[in-house]
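This report refers to the structure that appears directly beneath it.
The values are calculated or read from the model by the stated rules, or taken from the named source; none is laboratory data. Everything numeric here is computed off the predicted structure, so don't read it as measured data. Cβ sites come from the backbone with ideal geometry, for glycine too, and all protein chains shown count toward neighbours. Surface areas here come from the heavy atoms of the whole protein model, side chains and all, with no ligands, DNA or RNA. Shrake-Rupley method; radii C 1.70, N 1.55, O 1.52, S 1.80 Å.
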Amino acid sequence: MAPSSRPTQNDLLLTTVRPFGPSHLLPIGTAPGTKVVRLEFKSQLALDAWIAEQRTVVKWNRDRGQADPNAARKRRKEQTARNENTPPIPTPRPRAHPYLPPPPPRASPYDSSERYECDHAGKPRSILAPADRQRKARTSIKVGCKAHFFVRKLKGKEEYVVDLHLEHTGHIAATVESMRESRMSDATRGWLQGMVERGLDWPAIKNLLRPSEEVLQKVEACHENGVPLDELPEAFRVGWQEAYNVIRKRLRDLSRLAPDGWESLVRWKAKLEGEGWDVLLKADVFDDDPERKVYAVGVISPWQKKILAAHQDLVCLDSTHHTCFSVDGADEKAFLYTLVVKYPLVGKGIPVAFLITVAETRYPIIDWFWWLKRDVFQDQRFYPRAFMIDCSDTEAAAISTVFPNSSTFWCYFHMLKAVRQNAVKKLSVIAFPDESKADLIARNKQLRALAFSDVVRLIEQPTEEAFDEQWENIGRTYALFPGWISYLNKQWVSHRERWGRAWRQVRSSFTLHSSYLTSIPLQDIFQSINTNNFIESWHRILKSLYLKLMRRQRDDYLLFLLFDSVLPDYRRMVSRIVLGFESRRLDKAEASRRAKAYSPTPAEALELIVREEQDSVIVRSFSSAEDVTYAVLIAKEHIISCTCPDSIIRKHICKHMWLVDRLLLYSISFGVPRAEGPAPDVRMADPAAPIPAARREVQVLGLLDRVQDEREKVGDVLEQFAAMSLEEKGKLDPVALETAHSHLQSARRALGGIGRAVYALQRK
């Protein structure tokens, strides 16, 4: 069953009820105590309606004894087994009249015959579950019930005869207990499958199963008074497990392109390459264990490839487990490696490449990196300036093999977490005589907190000399704890270049202003990313929103999930931000600079604007005592860069850009790379007079026409976007999205600019 409209609470499952009581087991007009009833039907439609009605009372199953294609083979096998243990049957005597032909077979008055039996028929099967099985096996409902009926089609006619045997044995039919023990009815299962095919998950399905107040009151009253229910909606039969089974089966059917796991991956490779993806499928990855079979599956979409090519300064790398199993579906778990970059257009981390492998060694990562470097980016240079990892020696070895000139940073969060845990193990003071346990615990906490703060100060030392001095101070302070000093030296200090701020420096030899030599931390150039939180957020999203409990599937299911759900959702999120339906996320540094730009009053802010030029706006420095000015560069009515050190060196959106974004009719283009190279020395630029009042008057008069024009453009963009299907929205080109975003931002700036220009005229 696949409904065509969106499900509502008036859908099938809430309006369909299962009646209870022995009266519903007998056809209308049948005397009580009757065991066999013959019914006649004039058409197939009437017969199907009657069977569907009977299945709302009792779960009737077609007898597999007649429908099973292997029934004859099974009977021959059983007969052979019996013959081996019994003496041979004597040869019968010849017939008295061998010349007479055998009697003709008896003509049957029926064309076909089918047998249906109660779901409680048959013998219970013994379930031999292992002792360590977590889920308890349910007791079999098979009690040898004899109730059944035959459906026979009359020869040469479209009429049917039903012989109904009504004697239910071993259980009481048409009760809440029988409904609870039986499987879902065909109508209920069809409804549930229809909801799953529409993309509804269990929380959405559960909302559709919510009964009315009248039904709840009736059920509660029958329970309190000890009165059996006369009927119950089918919605009570559906629970989380039933919905999970249907969802799991559908996802398995969609993801498994072949029964064999490796053949399914081969077909997925052909399918993804047909969609323009680049796919790595290697079956013989080298491993330290020659008998171990290691394979690697790497994928990257065209959309991810564009983002990675444009934003490869700092790439986050990490793996996660408990996502899927190997191709053969055995107990060998697979690992998912992901490359994540910060996408300036949205201010969030975007996964840009995936690797699935069964070995958590450096060799699959090396093959993956070489494939990205040589095959995927053939005509482009792919060489990240730095990688952010979780203190993994395996990942660091793979990076140094393929990208020897790239820096490798360790995540501060994971490093300090390990330091804090080891401080508890290696730092403990000796108890004083008659010291209470609470005082001892307090002294230990104070010691460990002090040691932790010393390590934090060691990280933040700006120069190598200051780092060495701080390390000597730690050695003297904790000389009584050689285990702690040995741990820090072996685990961290020997790899100081991967986490020390003193080794995250880049020097620029050009002078922005007189006697001003820049020395900027490297992590500031990479937008203040000191942790792997972007990739940790991606792992949380993947497991909590997409995988959920579907984590024991083959890796072709993970490929299907990435292709069908994950990347389309990320592209939709980017489209919403570009079109203005969702706000762009600002990081801590951006929010701080924006707050500084909005802190001056409107009058003070206008005093900082020196003049407007054709492709730039000259802005005074916020903090310099000298008459220092910077040029905020404009291209196609978008703010793309500034000549201040913060924008040139750190590539941040500086205060001056936020100021121009606040006051003038320009918007910040987050997707355009910041300007690179030395900044022009504009300190000696002759500050022109503030913008004349006559120009403000012309600006106010022209703004009204501009608002109308931009409003029409915005209306056209929104109308076209609303007419697109979800698939078409996911395939929108980022350039087209940025163009639409510019119209929206320009209209907003034009409306705000009227008030600011009028204010400037009043001030003059």
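Observations on the model:
- Gain on full stretching of the segment that runs from residue 588 to residue 227 - 0.36 nm per residue minus C-alpha separation: 123.6 nm
- Computed from backbone phi with θ = phi - 60° and the Karplus coefficients 6.51, -1.76 and 1.60, the 3J(HN,Hα) list for the range 575-586 is 4, 5, 5, 5, 7, x, 7, 9, 6, 6, 7, 9 Hz; x is used for glycine and proline.
- Among the listed pairs 305/342; 305/588; 42/155, those whose Cα-Cα separation exceeds 19 Å are 305/588.
- Added length on full extension, which subtracts the Cα-Cα distance from 0.36 nm per residue, residue 43 to residue 248: 70.0 nm
- Here the range 241-363 exposes an accessible surface that is 48 percent carbon and sulfur, computed with a 1.4 Å probe and the other protein chains kept in place.
- Cut-off under 5 Å, modelled amide H: who pairs with residue 348 long-range: 343
- Amide H contacts of residue 141: none lie under 5 Å away among residues 5 or more positions distant or on a separate chain (H built 1.01 Å from N in the peptide plane; Pro and chain starts excluded).
- Across the protein chains, with a 1.4 Å probe defining accessible surface, the residues 646, 375 rank 375, 646 from largest area downward.
- A Förster radius of 35 Å, combined with the Cβ-Cβ distance separating residue 62 from residue 180, puts the computed FRET efficiency at roughly 0.95.
- Given charges at beta-carbon only (K, R positive; D, E negative), |dipole| of the range 565-614 in Debye: 340 debye
- Under 5 Å, built H, 5+ apart or other chain: amide partners of residue 668: 639
- Rounded to the nearest 0.05, the FRET efficiency derived from the C-beta distance between residue 140 and residue 51 at R0 = 30 Å is 0.75.
- Taking all protein chains together and a 1.4 Å probe, the residues 531, 80 rank 80, 531 from largest to smallest accessible area.
- Projecting label points 7 angstrom from Cα along Cα→Cβ for residue 480 and residue 605 puts them 5.8 nm apart.
- Estimated inter-spin distance, residue 193 and residue 439, nm [label 7 Å along Cα→Cβ]: 7.5 nm
- Stretch gain in nm, segment residue 418-residue 473, where the contour uses 0.36 nm per residue and the Cα spacing is subtracted: 17.7 nm
- A 1.4 Å probe run over the protein chains yields, for the range 105-254, 63 Å² of accessible area per residue, whole-number rounding.
- Accessible area in the full protein assembly, largest first, 1.4 Å probe, for 286, 150, 409, 581: 286, 581, 150, 409
- Environment charge at residue 417 (Cβ cut-off 14 Å; Lys +1, Arg +1, Asp -1, Glu -1): +1
- Burial order of peptide ranges 294-305, 589-600 (average beta-carbon count within 10 Å, highest first): 294-305, 589-600
- Taking label points 7 Å from Cα along the Cα-to-Cβ direction, residue 271 and residue 167 give a separation of 5.3 nm.
- Candidate lysines for bridging to residue 218, where Cα separation is under 22 Å - those fewer than 8 sequence places away on the same chain excluded: 206
- Accessible surface of the range 562-628, 1.4 Å probe, proportion on carbon and sulfur as whole %: 45 percent
- Calculated FRET efficiency for the pair residue 157/residue 106, C-beta based, R₀ 22 Å, to 0.05: 0.70
- Charge dipole of the range 192-326 (Cα centre as origin; +1 on each Lys and Arg Cβ, -1 on each Asp and Glu Cβ, all else neutral): 460 debye, rounded to the nearest 20.
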